[in-house]
1. Going by the structure shown, is residue A:67 closer than 21 Å to residue A:197 by Cα and more than 13 Å from chain B (Cβ to nearest Cβ)?
2. When only residues in region A:44-53 that are touching a strand residue (DSSP E or B) at 6+ places or on another chain (Cβ under 6 Å) and assigned to a loop (DSSP other than H, G, I, E, B) count, which is nearest to residue A:198 (Cα to Cα)?
3. Could you run through region B:152-182 and say how many residues are touching a helix residue (DSSP H, G or I) at 6+ places or on another chain (Cβ under 8 Å) and buried (at least 18 other Cβ atoms within 10 Å of the Cβ)?
4. Is it the case that region A:199-209 has a residue that's surrounded by fewer than 24 Cβ atoms within 10 Å (Cβ to Cβ) and within 14 Å of another protein chain (Cβ to nearest Cβ)?
5. Return the residues of region B:103-142 that are away from chain A (no Cβ under 12 Å) and outside any loop (DSSP other than H, G, I, E, B); say none if nothing qualifies.
6. Checking the conditions here, which among B:84, B:13, B:24 is in contact with a strand residue (DSSP E or B) (Cβ under 7 Å, 6 or more places away or on another chain), over 15 Å from residue B:134 (Cα atoms) and crowded, with 24+ Cβ neighbours inside 10 Å?
7. Tally the residues that are in contact with a helix residue (DSSP H, G or I) (Cβ under 7 Å, 6 or more places away or on another chain) and touching a residue at least 12 places away in the same chain (Cβ under 8 Å), restricting the search to region A:147-167.
8. Picking from A:144, A:101, which residue would you name as being touching a residue at least 60 places away in the same chain (Cβ under 8 Å) and under 18 Å from the mean Cα position of the chain (by Cα)?
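The values are calculated or read from the model by the stated rules, or taken from the named source; none is laboratory data. It should be emphasised that the depicted structure is a prediction, and the values quoted were computed from it without experimental measurement. So basically every Cβ, Gly included, is an ideal-geometry build from the backbone, and we count neighbours across all protein chains shown.
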């Protein structure tokens with residue numbers, strides 16, 4: 001007998017609903033360069049479902065995540081697809097009566113891999129204030145892939161026999177060709193995603209130098225995409241090597257010029273993660289007063305990501321992280 | 001004989017299970033260090049895959065994240081998660097190599113919650129890629145510290161599949177056939193799984209460790225294999241590479 005997971009399905013997997021949206025999304029090449037503040041203000045609405053690019057502490061759109069918290073966006077759904085420091089940033093928004101995160105599709109949340117668990121992310125997930133549905137990283141990537149393909153689900157062969165399945169919204173089905181059981185995972189079209197890339201032109205044609213995690217799927221699945229880029233390049237440069245474009249401009253709604261935008265995360269070929277800063281962030285979370293002061297200093301008390309960078313040591317600090325990234329093989 | 005600590009022993013013993021030329025999908029923490037040690041010693045052609053898209057790197061140092069830039073340093077390919085997971089799903093990958101939270105006699109793993117799911121005592125990260133790797137790869141290797149809090153009769157939450165309820169249960173549930181846990185490497189012993197019942201059994205005891213000691217640190221009835229061997233302790237060479245190249249800052253092995 002085929003079984004269904006009992007977790008909540010937060011988003012409608014109907015591809016026709018997505019098609020109706022994409023039909024009206026403009027493909028024309030228009031200049032989309034704007035500040036992070038404007039992008040978040042225009043494209044992230046209260047109640048939206050949010051996707052976060054990268055991989056936790058690697059190539060994350062830190063500036064956009066800070067801005068979402070700073071603007072006190074509320075009641076968001078979230079795709080927790082190996083979300084570590086990005087989840088930790090958003091969790092800071094569930095505080096003092098505010099609630100950034102309301103619903104989470106969880107494949108990997110709360111932890112920062114070998115660095116341990118975030119006390120504040122744990123607090124919001126243990127308090128019951130956030131609705132949660134369990135997935136695996138691949139299942140969640142396939143949900144994005146299904147939406148990117150414009151179909152309502154994809155079959156996978158994981159999750160069977162586990163509580164991860166019981167607490168998911170996946171469904172067992174029979175393959176119409178072989179009769180084997182497969183796990184159907186429903187398409188996921190986030191309302192908006194934030195993705196950090198190495199280079200973009202003013203229209204949102206993006207290049208990523210390194211592993212792409214699930215970002216190619218995320219960009220295509222999402223109704224709106226905010227791109228933050230280490231560097232804005234000319235469209236002529238894009239046209240010289242069209243094979244390097246991994247996200248096409250018609251997926252993208254905003255392009256923000258954010259050098260060092262993955263800090264304190266790693267940016268391949270540019271700078272390594274700031275392990276000291278991440279350690280301090282983790283440590284202050286254990287003390288409510290210290291944590292409030294820390295958030296005030298680094299998020300609420302600054303108006304722009306560059307001020308955060310300055311408060312974390314600015315160019316001098318980045319130079320050290322750049323050396324760690326580039327000289328890694330010298331040891 | 002060289003002096004070593006429990007973590008060093010575990011990493012050295014586990015690394016020997018990764019033969020040269022094999023493919024392995026590695027999880028965060030201990031497995032990263034272990035795969036790198038294998039690559040730097042007996043298995044230079046070990047094909048290491050990371051779930052975020054790193055393929056066959058020549059690891060310059062232990063990755064801190066399975067998605068950091070070291071996971072594709074001098075790699076053969078930098079791709080994405082679906083590409084890596086799908087290689088596993090279509091049967092290319094020999095080993096999944098995972099760390100453990102709670103584990104039961106069938107090698108089922110919990111990395112989601114301690115306590116009741118709706119009112120957890122501790123919320124852990126969840127599956128990440130572990131459920132996928134443990135479902136798809138031919139053999140699952142698990143490394144974890146050995147104590148009765150981790151080795152439990154019943155996991156609080158079954159995050160990633162071992163043999164579920166016993167022989168045939170994986171296939172019946174819908175998982176690809178002939179897959180499942182292969183070895184569990186701890187600071188006390190190396191366990192395998194009984195052919196018939198798919199329950200965990202001791203196959204190697206580390207130097208100076210008795211079976212009784214393993215049982216005392218296990219919350220379920222531990223079986224003994226037909227022959228129980230003694231583990232070869234870490235060699236000077238393995239320890240040197242581990243301390244000087246793999247984890248020179250002592251993140252995992254606790255030495256600087």
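1. Judged against the criteria, residue A:67 is a match.
2. Across region A:44-53, the extreme among qualifying residues is A:53.
3. Residues that pass the stated criteria total 13.
4. Yes, because at least one residue in region A:199-209 is surrounded by fewer than 24 Cβ atoms within 10 Å (Cβ to Cβ) and within 14 Å of another protein chain (Cβ to nearest Cβ).
5. Hits for region B:103-142 are B:103, B:139, B:140, B:141, B:142.
6. B:13
7. The total comes to 13.
8. Just a single option satisfies the conditions, and that option is A:144.
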